[in-house]
Amino acid sequence: MDDWLNASARKAEREWQRLCDAYLPIRVKQSIWRYSRNRIRDDLSQGWKLHVSATILSACPVFRLIAPYLKRSDIWFKAPKSLTELHKLNAGIFYGFSQIGKFVTVYPQSAEAAAAIASKLHALTAKFAAPMVPYDNALRNRSCVYYRYGSFSLRLKTTFRKKRVLAIARPDGKLVPDLREPRAAVPHWLTDPFQPVRSQAALELATPLETDYTGYEALTQRGRGGVYQARDISSVPAKLCVIKEGRRNGETDWLGRDGFIRIKREAEVLRSTCMAAVPRVMRTFRANGCYYLVMERISGKPLQEVLASRQRMSARRMLDYCTQMARIVADIHAAGWAWRDCKPDNFLVEKNHKLRALDFEGACPLAETDPPWGATPGYTPPRRSWDSGRPEAMDLYALGTSIMQLIARTESPINLATAFRREIKKRNLPLRLIKMIQSLRSLSPKRRPSPRATQAVIELAASSWTSKLAALHMAASALSHRARPSSV
């Protein structure tokens, strides 16, 4: 499967390069963009910009339809130099959230031309689905075509909040920031030339997002969706919750898996595991083409943050955390799932020092062998040691890495073996425990012990450690008693 995906990606990339050579001949050094032609003197410095959105799967078919029309009309446009760059744009974390979906950017010469070009592009791409473009206005509901008024030149800048940002000129000539934020696509001094087309679209009905939840706070935002804290006013009394959003066509991969599918899968995992260590599902629903998962809000901080703080941790507490991590992974496997995103950042530490596991978007049933989605480097075994027949083997490697990080007191999985060896000498840990942890990261998946066996060995070590401490405490008390002067 992995080889097939790589071959598909290489084939699509070769086709994209042929299309670029035919329609985007202009390259700019150190730029991710290729252009249809050089900029000429008559080109505007600002105006209505059109964006045609696409995924890595639809990019070539969409471009084959629109590029000939744009070239015949001598319209200035640009697109990414590779499908890899398009995937990074759609992720929303490499070049900014506002860049999601901006596959082809078109620079019309007037408002009238912009409206006509947009209608033509919509007609050509109507059968395709695409990621939404944040802060742009969609030409119509479920259209691939988006628009906004903005700068055409990187030289036009002004100072905003002590930073140099792109600017547009008002009618009086004053430069103002070219903002990428909600309701900023159409400046207040302009008339929207696309409004007649937009008004033909049916109004969306109210969804639970408007009726049942309020006080939204974005915790994270990226191409595949966002994570929000909100107040659930449909319950009595109202209570805080976490809402995960899975966007249709958001960060679509070569297998067609998008944000919608990811969050739907996470909801399935949480509901089927019935574990106290995972968030409780309160509700799921669909709205505006997205899938929403509403979960209980858990107070705590990521274990990764505990490691980064380098705060002192007793051996007893450390072994307790290790035990809990192994138990959680074992319970996930017992429920029939491979987590495939086990790492300290996905363990939340509550005030009572109990661990809760988060983020199951990339999980898969143990019976499946689909390629992992967005696995974190450092927590995946070397590619040559992947066992496609055992998806849980990746969890075992990641569990070993996470336990070693905790013992070594390091926030990074890089050069972990050295830090681990240095720390176990100080801790004087049992040899059986050390070998068990190291076996979890064996290059041979068959040599990695099960999480339940790992849990048992850690619990035994913790019990031995507790007994040792108790014996030392009793000995110290006895010495203190003998040293105390007798009463007369």
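Quick notes on this one:
- Extreme residue, nearest to Thr380 (Cα to Cα), among residues of the stretch 414-438 that are modelled with pLDDT of 90 or more and open to solvent by less than 40 Å² (accessible area, probe 1.4 Å): Leu416
- Hits in the stretch 276-289 (condition: open to solvent by less than 10 Å² (accessible area, probe 1.4 Å) and either part of a strand (DSSP E or B) or of a type in the set (D, E, K, R) (or both)): Ala287
- Within the stretch 61-100, restricting attention to residues that are in contact with a strand residue (DSSP E or B) (Cβ under 8 Å, 6 or more places away or on another chain) and open to solvent by 60 Å² or more (accessible area, probe 1.4 Å), the residue that is nearest to Gln30 (Cα to Cα) is Lys81.
- Residues of the stretch 120-172 that are open to solvent by 50 Å² or more (accessible area, probe 1.4 Å) and closer than 29 Å to Thr55 by Cα: Lys120, Ala123, Ala126, Lys127, Ala129, Met132, Tyr135, Arg140, Asn141, Arg142, Leu154.
- Residues (among the hydroxyl-bearing types (Ser, Thr, Tyr), outside any strand (DSSP E or B) and either in contact with a Gly (Cβ under 7 Å, 6 or more places away or on another chain) or within 18 Å of Phe194 (Cα to Cα) (or both)) located in the stretch 140-173: Ser143
- Test: residue in the stretch 291-304 that is closer than 29 Å to Asp212 by Cβ, crowded, with 19+ Cβ neighbours inside 10 Å, modelled with pLDDT of 95 or more and out of contact with any Gly (no Cβ under 8 Å at 6 or more places or on another chain): yes
- Matching entry among Asp341, Asp345, Asp359 (being within 23 Å of the chain's Cα centre (by Cα) and either surrounded by fewer than 16 Cβ atoms within 10 Å (Cβ to Cβ) or touching a residue at least 60 places away in the same chain (Cβ under 8 Å) (or both)): Asp359
- Reported count of residues in the stretch 247-270, each being in contact with a Lys or Arg (Cβ under 7 Å, 6 or more places away or on another chain) and either under 26 Å from Ala7 (Cα atoms) or free of Cβ contacts under 8 Å to residues at least 60 places away in the same chain (or both), is 6.
The values are calculated or read from the model by the stated rules, or taken from the named source; none is laboratory data. These numbers were taken from a predicted model, which means no experiment stands behind them. Reconstructed Cβ throughout: ideal geometry from the backbone, glycine too, with neighbour counts over all protein chains shown. Ligands, DNA and RNA are stripped out before the accessible areas are found, and what is left, the full protein with its side chains, is counted by its heavy atoms. Shrake-Rupley method; radii C 1.70, N 1.55, O 1.52, S 1.80 Å.
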